[in-house]
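To start, the structure under review is shown below, and the notes come after it.
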Amino acid sequence: MEKMLREMRERVMQNIAEARATSALEQIRVAALGKKGELTALLRGMGKLPPEERPRMGQMVNEVRAALEAQLEAREKALAEKEKAARLAAEAIDVTLPGPERSAGSLHPMNIALKKMVDVFVGMGYEVVEGPEVEFDHYNFELLNIPKNHPARDAQDTFYVDDNIVLRTHTSPVQARIMTTRKPPIRVICPGRVYRADEADATHSPVFHQMEGLVIDENITMGDLKGTLDEFARQMFGEGIRTRFRPSFFPFTEPSAEVDLTCANCKGKGVLPLAKLSQAEPGMATSQIKDLGGATVGCRMCKGTGWIEVLGAGMVNPRVLEMCGIDPQKYSGFAFGMGVERMTLLKYNIPNLRYLYENDLRFLTQYR
């Protein structure tokens, strides 16, 4: 048995010295010192030795085990350092090489349009104000002359949190908050997100954006409102764009008007040269070609009318002024509201509202 121990020690030491990887060392350790290893097998054979031989052989076995473990540890440390150095060399990065090219980002077309809208009104002396999106019924409806059970509430398709709290259906409650906390003169615009229970389609979304404006001062007239919107249309869409007012009704303005703009796509003509036929919606080319020798096609943006409805406006209802603590005998004002998405579609000739929300980079990166 003593001879077997010496031979085993020499053989295992030789194997350890020749190992070239830490994984090979682990296999040597298991084969020599594991539960089913060679040294364990020799220990089990000690029961066959005479009793007087057992202590000496036990000591020898322990010495062999200690020597092998020490040699394994030393060799493993050396191999681990070598493997680490090789791995670092293989994974080295040349920091002087240029990095991967990154494509430049761009603003969303709706953000570009909103910034332009805000810049136009700020240039005319308006202040930008914001308010909460979860709003009290008192500000969203009642102070705007829309009391409980008013039929105009049905048209709003409101999301109710409870009987007195709603997701705001327009940004007009910001105007109500301003009128109840400030004294005239007031000149503000209120951009923000609003919510209505609409089905999502090419022109509607349950979540969209509005920008409303409010002016309160002495001797404000409908002429001031029209002049303001004319200047906005000119700066937003270019020279030659005019406004048209049509009588309408809103509870918080009196008189009220729907405001149309000259179609920026056809410049109010209602038709486009056939050279622009590719801009028409599929199926519209043959149905809207004018009887002008086939030289023109109906404008898809205004459906051949030359006008596009873009916003609602009017003089602030004296009842609203009174409820907000402003003397309607001394002050008057006008208000207007427009959809940011709609302005974006018109400005960039985009046919479908859903394009703004699908996050298709092929579409979004066209706008800088």
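The values are calculated or read from the model by the stated rules, or taken from the named source; none is laboratory data. In this text the structure is predicted, and so the values were computed from the model without any measurement. No Cβ is skipped: glycine too gets one built from the backbone with ideal geometry, and neighbour counts run over all protein chains shown.
May I ask you to say which residue of 181, 169, 221 is assigned by TED's automatic domain parsing to the domain that holds residue 318 and in contact with a Phe, Trp or Tyr (Cβ under 7 Å, 6 or more places away or on another chain)? Let's see the steps before the verdict.
Details: 181 fails: in contact with a Phe, Trp or Tyr (Cβ under 7 Å, 6 or more places away or on another chain); 221 fails: in contact with a Phe, Trp or Tyr (Cβ under 7 Å, 6 or more places away or on another chain).
Criteria check complete, one pass: 169.
Give me the residue from the stretch 344-366 that is of a type in the set (A, V, I, L, M, F, W, C) and part of a helix (DSSP H, G or I) and, out of that set, surrounded by the fewest Cβ atoms within 10 Å (Cβ to Cβ). Walk me through it before giving the result.
Going residue by residue through the stretch 344-366, those that are of a type in the set (A, V, I, L, M, F, W, C) are 345-346, 350, 353, 356, 361, 363-364.
Adding the requirement that they be part of a helix (DSSP H, G or I) leaves 345-346, 353, 356, 361, 363-364.
Details: 345: 23, 346: 21, 353: 19, 356: 22, 361: 10, 363: 13, 364: 17.
Only one residue fits best here, namely 361.
On the given criteria, is residue 95 of a type in the set (Val, Ile, Thr), not in a loop (DSSP other than H, G, I, E, B) and not assigned by TED's automatic domain parsing to the domain that holds residue 35?
Values: of a type in the set (Val, Ile, Thr): yes; not in a loop (DSSP other than H, G, I, E, B): no; not assigned by TED's automatic domain parsing to the domain that holds residue 35: yes.
Against the criterion (of a type in the set (Val, Ile, Thr), not in a loop (DSSP other than H, G, I, E, B) and not assigned by TED's automatic domain parsing to the domain that holds residue 35), residue 95 does not qualify.
Check the stretch 104-121 and report whether any residue there is modelled with pLDDT under 85 and touching a Leu at 6+ places or on another chain (Cβ under 7 Å). Break it down into steps so the answer makes sense when it comes.
Initially, the stretch 104-121 is screened for residues modelled with pLDDT under 85, giving 104-106.
Filter again for touching a Leu at 6+ places or on another chain (Cβ under 7 Å), leaving 106.
Yes, there is a match, as at least one residue in the stretch 104-121 is modelled with pLDDT under 85 and touching a Leu at 6+ places or on another chain (Cβ under 7 Å).
Only one of these conditions is not met by residue 40: (1) in contact (Cβ under 8 Å) with a residue 12 or more places away in the chain; (2) surrounded by 14 or more Cβ atoms within 10 Å (Cβ to Cβ). Which number is it?
(1)
Here is a list of conditions, (1) modelled with pLDDT of 90 or more; (2) under 30 Å from residue 7 (Cα atoms); (3) not small (Gly, Ala, Ser), and residue 75 meets all of them except one; can you say which number that is?
(1)
Quick test for you: out of 80, 24, 66, pick the one residue that is in a helix (DSSP H, G or I), surrounded by 11 or more Cβ atoms within 10 Å (Cβ to Cβ), aliphatic (A, V, I, L, M) and free of Cβ contacts under 8 Å to residues at least 40 places away in the same chain. I'd like the intermediate steps shown before the answer.
Working: 80 fails: free of Cβ contacts under 8 Å to residues at least 40 places away in the same chain; 66 fails: surrounded by 11 or more Cβ atoms within 10 Å (Cβ to Cβ).
24 is the lone residue from the list that is in a helix (DSSP H, G or I), surrounded by 11 or more Cβ atoms within 10 Å (Cβ to Cβ), aliphatic (A, V, I, L, M) and free of Cβ contacts under 8 Å to residues at least 40 places away in the same chain.
Name the residues in the stretch 181-208 that are under 26 Å from residue 315 (Cβ atoms) and in contact with a Leu (Cβ under 7 Å, 6 or more places away or on another chain), would you? I'd like the intermediate steps shown before the answer.
In the first step, residues of the stretch 181-208 are kept if they are under 26 Å from residue 315 (Cβ atoms); the result is 181-192, 194, 196, 208.
Across the stretch 181-208, the qualifying residues are 186, 188, 191.
Looking only at the stretch 133-160, count every residue that is more than 15 Å from residue 317 (Cβ to Cβ), at pLDDT below 85 and surrounded by 12 or more Cβ atoms within 10 Å (Cβ to Cβ) and tell me the total. Working first, answer last.
Taking the stretch 133-160 and keeping what is more than 15 Å from residue 317 (Cβ to Cβ), we get 133-140, 148-149, 151, 153-160.
When the remaining residues are screened for being at pLDDT below 85, the result is 148-149, 151, 153-157.
Now narrow it down to the ones that are surrounded by 12 or more Cβ atoms within 10 Å (Cβ to Cβ): 153, 156-157.
Qualifying residue count, the stretch 133-160: 3.
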